[in-house]
1. Please report the spacing between the Cα centers of the stretch B:86-164 and the stretch A:124-147 in Å, no decimals.
2. Using 0.36 nm per residue, how much length does the chain from residue B:209 to residue B:149 gain when fully extended, once their Cα-Cα distance is taken away?
3. Indicate the gyration tensor shape class of the stretch A:2-209 (rounded, prolate or oblate), computed on the Cα atoms with a ≥ b ≥ c the square roots of the eigenvalues: a/c under 1.5 is rounded; otherwise a/b larger than b/c is prolate and the rest oblate.
4. Nearest beta-carbon of A to the rotation axis carrying it onto B: which residue, how many whole Å?
5. Measuring from a point 7 Å out along Cα→Cβ, what nm distances, shortest first, does residue B:175 have to its partners in the other copies?
6. Among A:120-129, B:190-199, B:74-83, what's the highest-first ranking by average C-beta atoms within 10 angstrom per residue?
7. Shielding of B:170-177 by partners, i.e. mean partner chain Cβ atoms within 10 Å per residue?
8. Put a point 7 Å out from Cα along the line to Cβ at residue A:11; what are the distances to that point in the other copies, in nm, shortest first?
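Just so it is clear, none of the values below were taken in a lab; they were calculated from the coordinates. It should be emphasised that the depicted structure is a prediction, and the values quoted were computed from it without experimental measurement. Quick reminder, even Gly has a Cβ in these numbers, built from the backbone with ideal geometry, and neighbours come from all protein chains shown.
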């Protein structure tokens, strides 16, 4: 029974890693669609989103199957419920990549992001990519130290988000309302992507240590 | 055992109804903060958000407790996992009300929403309130017909959201980027609030009928 349960958990963990890596690839392609006005990259993200939704359902089915067969209690049960939450966060990250890709495609062949904002979006994309990569690593091999790094990464993302808004709201903003709105929504998509990733990391820490990392701006979102 | 399980489910359902009603009240107050520049209403939303987070945790604990004690299978198990998803949607609705309230407070005592947009926001708030009310009703007493109405309500919300963007992006938009960004983000908060509510309704339908209502724009978000 115990051996079988361990094998079940490995399968859940494998699916979660696949989902995390899928969300990471999706956001990377969405960024290419956004910053290189690359239509094919944007369309690939939209196509891929169905695969991520499917992976999410696989996690749900696998967890339901384990609960039914093994009737786990205490920490094993907590682990499975946490896996469901992590899957929901990762699936949502895929949705946010999809939103970025759709924004890029809506403006194509014009760039959705004007020259003044390319630098900050490039940095936001880099941080998002690093965070998603760490989440995939932590899920494959739980590591509280690496998971804790995500908090600092999230602070970097929040600073970039603030910097973006400073440009958007500057007196010398040379573009109209439409470009400002695109910039604000895109910024929110990257920032939420990072939030969900960091949330996953927090849940891994919780599993490893039993300690809840709370932060009003992210917990439960 | 069966009688005990039914009592357990009633308790979960009671908590979900409380959470749905809490989210509804939160958005109603947030709208007052937004449209009447009412600081006390905005502050009440922010205070109340911790109560909603706490209710959410109570659902999680109760479900974990039932899983451990009763080891349910098949449809009973599906029901409990669905309850977790519904709780996550409702908790997120509370977060979105919190975002509306914070936006209103950030601009206080100026209104965050200019005169041109008050009408559309009032309508969005009315639809959000109706949807949240139906979700609370359906959770208290499952009713597939009422749950199905949520789809039409969501279409109304989507139309209002499009109407809002038409004003924001009109050539005659008389305000700057900041007001346009506030309008776009606020519109998104109401629209997402409705999405999460409709998602909950879909999950109730799924429990009642076994049928999945799919819609790419909302499923899994």
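1. 34
2. On the way: separation 60, 0.36 × 60 = 21.60 nm, distance 1.53 nm.
Contour length minus the Cα-Cα distance gives 20.1 nm.
3. Values: a/c = 3.07, a/b = 1.95, b/c = 1.57.
Taking the square roots of the gyration eigenvalues as a ≥ b ≥ c, the stretch A:2-209 is prolate.
4. Axis-proximal residue of A, distance in whole Å: A:71, 2.
5. With the label placed 7 Å along Cα→Cβ, residue B:175 yields 2.0 nm.
6. Numbers: A:120-129: 20.4, B:190-199: 25.9, B:74-83: 17.0.
Packing proxy ranking, top to bottom: B:190-199, A:120-129, B:74-83.
7. Neighbouring Cβ atoms belonging to other protein chains average 3 per residue here.
8. 3.2
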